[in-house]
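The values are calculated or read from the model by the stated rules, or taken from the named source; none is laboratory data. This is a predicted model, so every value here is computed, not measured. Don't worry about glycine lacking a Cβ; one is built from the backbone with ideal geometry, like all the others, and counts go over all protein chains shown. Just so you know, the surface numbers come from the protein's heavy atoms only, side chains and all, with ligands and any DNA or RNA stripped out. Shrake-Rupley method; radii C 1.70, N 1.55, O 1.52, S 1.80 Å.
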Amino acid sequence: MPANKPKYYLTTPIYYTNGLPHIGHTYSTIVCDTIRRYKRMRGYDVVMTTGTDEHGVNVERAAKKAGVSETEFVAKMAAEWRALWDDLGIQGDEFIRTTDLKHAHTVQWLFRLCRENGYVYKGHYTGQYCIYDNAFVSDAKPGDNCPDCGRPTETLTEENYFFKLTAFQKPLLDLYRKNPNFIQPETRRNEIISFVEGGLKDLSITRTTIRWGIPVPGEEPHVFYVWFDALTAYLSAVGGPEYERRGYWPADVHLVGKDIIRFHTVYWPAFLMAAMLPLPRQVWAHGWFLMDSTKMSKSKGNVVHPRPIVDVVGMDALRYFLLREIVFGQDGSFSYDALVTRYNSDLANGLGNLASRTAAMIEKNFSGKIPNPDSFQPQDEALAKQVQSAIGEALEHFDKFAFSRALELIWSLIALADKYLAAEQPWALGTSDADAQRRAAILWTAAEALRVVTVLAHPVLPESTEKVWTLLGQAGHVSSQDLDGLRWGRLEPGILIGKSQTLFPRIEKAEAIERMEAMENEPQKPAAAPAPAAPTGAAAAPQAAPEKIGIEDFAKVEMRVGQIRTAERIVGADKLLKLTVDIGTEIRQICAGIAQYYEPETLIGRKVAVVVNLAPRKLRGVESNGMLIAASVGPEGRPVLAGFHEDVEIGSRLK
Ligand SMILES: [Zn+2]
């Protein structure tokens, strides 16, 4: 990459490792990932940091409860967070753990700078303390009980280091005034200004009652308290004391939830000012997720996790929904119902349909090559003009992080292209030369609209836009397209397009919701666990010969002849087919891991061997009541269904 690319640095919150990521964390990370992809397409050299905040009393307690050391506990948690972001394709560029050595050095260095500049002093902190939990209870008064264990708290005084936050009231207010964009959105900015105007108190930044933390050099048993430790991770990730060498600090944007904005816009800039280090350019706070209009939280038990959603509708659909449905910066509601509605209307019927019908018509009429238009009519030019003028507008929305408006605009282009095709009816044209030429102009115009939409939508829909890109026969990756060079009219005729495929199969709402809810209610599996094994006998890897069994063991397995009545693919489960199988006495729903080897329609009517007395189970949220028998062939274990050469009666027992 050229050395003169401007640098852009953005961060997600450094997530606390007392639980696993839910949809709120996923949202923050998806937003950052979208900005990251967008900025890359605008020519920036981008670094995105995410990570885990691993210190503090809650981790000490959780590790104790799990019967492992703190180190072991946080290593496992950090691995699960990383694995989830990896799976979802939103890992970012730097993953910082607050237990990393380089982070400890950065915190200690920042402390030394603040102290040398006269902003740190030793004092005493007095508060209500729970001797059972070994922790101060914040905001408690003498006589209050501990909110965790319910036992009485005691008033305790400990020696702490304090940070002179009071010295920064005026510098902070100056900062907010001179940089009106430092805090976004506006409502949060006003809140913070009135908080700071209301007066600040010095901040205790070390503890002697906590063991699990970064030691204050030469001052043991003092360890750093939460915010002085966690916020500094943004700087540790891009070089710490050596930040100038890497060149990414100061951050262009810290993306946070609104509940932690005060720490990011008051404490953090004050620490940096005290150390005379450059300040981040912007802190952007997004809203909360509401489920049935209450805040999603672990204690309310209404938390939604990303995996079940991604398994059923796919990651791109989740990204699209969150960015389209929620106005960035405001609270937003989450519901499975709205998610599936958006999926069907905007993705299956919208982008997916435009892509597949355009490709199918080019395949049919032009041997799969982008047609060569030789003249355009006013309606073609009108569409061209609308698409061209939307490009600049969409980029403006992205620049302001107005994702919802950007997507609304991009999807209005899809609607225009649909309307255009409906009006021009390329399928109704005849075989004359004039008709063929007209058809070429229409299909080129539709394909060009699709190309522009694909580039614009890429930051939000990274996977599916790459598929459309390939479908349009375009070279390279859509991710490496230059958004600043995006213009109408660059689609080259004569290029061979890819095979038409369904990007977003329509899904049945009730069934999809039921599956997501079922998976949400299954115990959350560790992120690193392997995917569930395919559910036919075919999935079993060849094994050493097992011990011999008696006939009575074999008799326990009831196998019968079944006939497949229906077969369909399951959205979000590439390997599974959902079958209904007549076993003589009843019709069963059975899932089989054969989707990569059998086309569903070829299976209908086929007689197969079925284990009928297997306990029902759910696979990817779909109930499976029985199992098909198949041979496992070749190194990759290709399933070959067991069947019958002679006619056999449905329901006959196999012995
Ligand atoms: Zn307690």
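For the range 335-370, what are the residues that are over 21 Å from PRO493 (Cβ atoms), open to solvent by 10 Å² or more (accessible area, probe 1.4 Å) and not small (Gly, Ala, Ser)?
Listed by number, the residues that qualify are TYR336, ASP337, THR341, ARG342, ASN344, ASP346, ASN349, ASN353.
Within the range 194-204, identify whether any single residue is buried (at least 22 other Cβ atoms within 10 Å of the Cβ) and in a loop (DSSP other than H, G, I, E, B), and answer yes or no.
No, there is no match, as no residue in the range 194-204 is buried (at least 22 other Cβ atoms within 10 Å of the Cβ) and in a loop (DSSP other than H, G, I, E, B).
Starting from the range 117-136, keep only residues that are within 20 Å of PHE271 (Cα to Cα), then list their pairs with residues that are within 10 Å of the ligand (Cβ to nearest atom) whose Cβ atoms are within a distance under 9 Å, requiring at least 6 positions of separation or different chains.
none
Looking at (1) surrounded by fewer than 16 Cβ atoms within 10 Å (Cβ to Cβ); (2) within 39 Å of the chain's Cα centre (by Cα), find the lone condition where LEU421 falls short.
All conditions are met except number (1).
So which pairs qualify, if the first residue must be in the range 137-154 and within 11 Å of the ligand (Cβ to nearest atom), the second must be at pLDDT below 90 and open to solvent by 90 Å² or more (accessible area, probe 1.4 Å), the Cβ gap must be under 6 Å, and the two must be at least 6 apart or on different chains?
Note: pairs meeting the criteria are CYS149/TYR132; ARG151/TYR132.
Identify all residues within the range 14-59 that are in a strand (DSSP E or B) and touching a His at 6+ places or on another chain (Cβ under 8 Å); write none if there are none.
TYR15, the sole residue that qualifies.
Confirm whether ASP433 is surrounded by fewer than 23 Cβ atoms within 10 Å (Cβ to Cβ), over 30 Å from VAL46 (Cα atoms) and of a type outside the set (Lys, Arg).
Details: surrounded by fewer than 23 Cβ atoms within 10 Å (Cβ to Cβ): yes; over 30 Å from VAL46 (Cα atoms): yes; of a type outside the set (Lys, Arg): yes.
Yes; evaluated as a whole, the condition is true for this residue.
I need the full set of residues from the range 163-193 which are closer than 29 Å to ARG112 by Cα, in contact with a helix residue (DSSP H, G or I) (Cβ under 8 Å, 6 or more places away or on another chain), in a loop (DSSP other than H, G, I, E, B) and open to solvent by 30 Å² or more (accessible area, probe 1.4 Å), in order please.
Scanning the range 163-193 gives a single hit, LYS164.
What number of residues within the range 109-136 are closer than 21 Å to ILE205 by Cβ, near the ligand (Cβ under 10 Å from one of its atoms) and aliphatic (A, V, I, L, M)?
1
Could you tell me whether any residue of the range 91-112 is under 20 Å from the mean Cα position of the chain (by Cα), at pLDDT below 95 and within 30 Å of SER464 (Cβ to Cβ)? Let's see the steps before the verdict.
Going residue by residue through the range 91-112, those that are under 20 Å from the mean Cα position of the chain (by Cα) are 91-97.
If we keep only those that are at pLDDT below 95 too, we end up with 91-92.
Now drop any that are not within 30 Å of SER464 (Cβ to Cβ), which leaves 91-92.
The answer is yes, given that some residue of the range 91-112 is under 20 Å from the mean Cα position of the chain (by Cα), at pLDDT below 95 and within 30 Å of SER464 (Cβ to Cβ).
Tell me, yes or no, whether the range 73-89 has at least one residue that is within 26 Å of the chain's Cα centre (by Cα), more than 16 Å from the ligand (Cβ to nearest atom), surrounded by fewer than 20 Cβ atoms within 10 Å (Cβ to Cβ) and assigned to a loop (DSSP other than H, G, I, E, B).
Taking every residue of the range 73-89 in turn, at least one turns out to be within 26 Å of the chain's Cα centre (by Cα), more than 16 Å from the ligand (Cβ to nearest atom), surrounded by fewer than 20 Cβ atoms within 10 Å (Cβ to Cβ) and assigned to a loop (DSSP other than H, G, I, E, B).
Quick one: in the range 312-341, of everything that is hydroxyl-bearing (Ser, Thr, Tyr) and at pLDDT 95 or above, which residue is nearest to the chain's Cα centre (by Cα)?
TYR320
Quick check, is VAL256 open to solvent by less than 10 Å² (accessible area, probe 1.4 Å), more than 22 Å from LEU175 (Cα to Cα) and either not hydroxyl-bearing (Ser, Thr, Tyr) or not in a loop (DSSP other than H, G, I, E, B) (or both)?
Numbers: open to solvent by less than 10 Å² (accessible area, probe 1.4 Å): yes; more than 22 Å from LEU175 (Cα to Cα): no; either not hydroxyl-bearing (Ser, Thr, Tyr) or not in a loop (DSSP other than H, G, I, E, B) (or both): yes.
So VAL256 fails the test.
I'd like to verify a number: residues in the range 600-655 that are of a type in the set (D, E, K, R) and assigned to a loop (DSSP other than H, G, I, E, B), how many?
The first filter runs over the range 600-655 and keeps only residues of a type in the set (D, E, K, R), leaving 601, 606-607, 617-618, 620, 623, 636, 638, 646-647, 649, 653, 655.
Going one step further and asking which of them are assigned to a loop (DSSP other than H, G, I, E, B), we end up with 606, 620, 636, 646-647, 649, 655.
Total meeting the criteria: 7.
Out of ASP399, ASP380, ASP418, which single residue is out of contact with any Ser or Thr (no Cβ under 9 Å at 6 or more places or on another chain), touching a residue at least 24 places away in the same chain (Cβ under 8 Å) and not polar (S, T, N, Q)? Before you say what the answer is, go through the steps one by one.
On the way: ASP399 fails: touching a residue at least 24 places away in the same chain (Cβ under 8 Å); ASP380 fails: out of contact with any Ser or Thr (no Cβ under 9 Å at 6 or more places or on another chain).
After ruling out the rest, the residue left standing is ASP418.
Filtering the range 473-510 down to residues that are part of a helix (DSSP H, G or I) and surrounded by fewer than 16 Cβ atoms within 10 Å (Cβ to Cβ), which residue is farthest from the chain's Cα centre (by Cα)? If you could, list the steps in order and put the result at the bottom.
Taking the range 473-510 first, the residues part of a helix (DSSP H, G or I) are 478-480, 483-485, 509-510.
Now restrict to residues that are surrounded by fewer than 16 Cβ atoms within 10 Å (Cβ to Cβ): 479-480, 484-485, 509-510.
Values: SER479: 17, SER480: 21, ASP484: 26, GLY485: 28, LYS509: 22, ALA510: 23 Å.
Once the filter is applied, the top-ranked residue is GLY485.
If you check every pair at least six apart or on different chains, which have Cβ atoms under 8 Å apart with a residue in the range 588-609 that is polar (S, T, N, Q) first and a residue that is surrounded by fewer than 16 Cβ atoms within 10 Å (Cβ to Cβ) second?
GLN596/ASP574
Exactly one of these conditions fails for ASN160: (1) in contact with a strand residue (DSSP E or B) (Cβ under 6 Å, 6 or more places away or on another chain); (2) open to solvent by 50 Å² or more (accessible area, probe 1.4 Å); (3) among the polar types (S, T, N, Q). Give me its number.
The single condition ASN160 does not satisfy is (2).
Anything in the range 437-472 that is among the basic types (Lys, Arg) and over 25 Å from the mean Cα position of the chain (by Cα)? List them, or say none. Can you show your working first?
Taking the range 437-472 first, the residues among the basic types (Lys, Arg) are 438-439, 451, 467.
Listed by number, the residues that qualify are ARG438, ARG439.
Every residue in the range 211-246 that is of a type in the set (Val, Ile, Thr) and touching a Pro at 6+ places or on another chain (Cβ under 9 Å), please.
Our first condition is that a residue be of a type in the set (Val, Ile, Thr); within the range 211-246, this holds for 214, 216, 223, 226, 232, 238.
Passing the criteria: only VAL223.
Just need a number here: residues in the range 158-195 that are more than 33 Å from the chain's Cα centre (by Cα), free of Cβ contacts under 8 Å to residues at least 24 places away in the same chain and over 16 Å from ARG281 (Cβ atoms).
Within the range 158-195, residues that are more than 33 Å from the chain's Cα centre (by Cα), free of Cβ contacts under 8 Å to residues at least 24 places away in the same chain and over 16 Å from ARG281 (Cβ atoms) number 2.
Mind checking which pairs have a first residue in the range 634-647 that is closer than 13 Å to TYR598 by Cβ and a second that is among the basic types (Lys, Arg) and modelled with pLDDT of 85 or more, Cβ under 7 Å, 6 or more apart or different chains?
GLY643/ARG606; GLY643/LYS607
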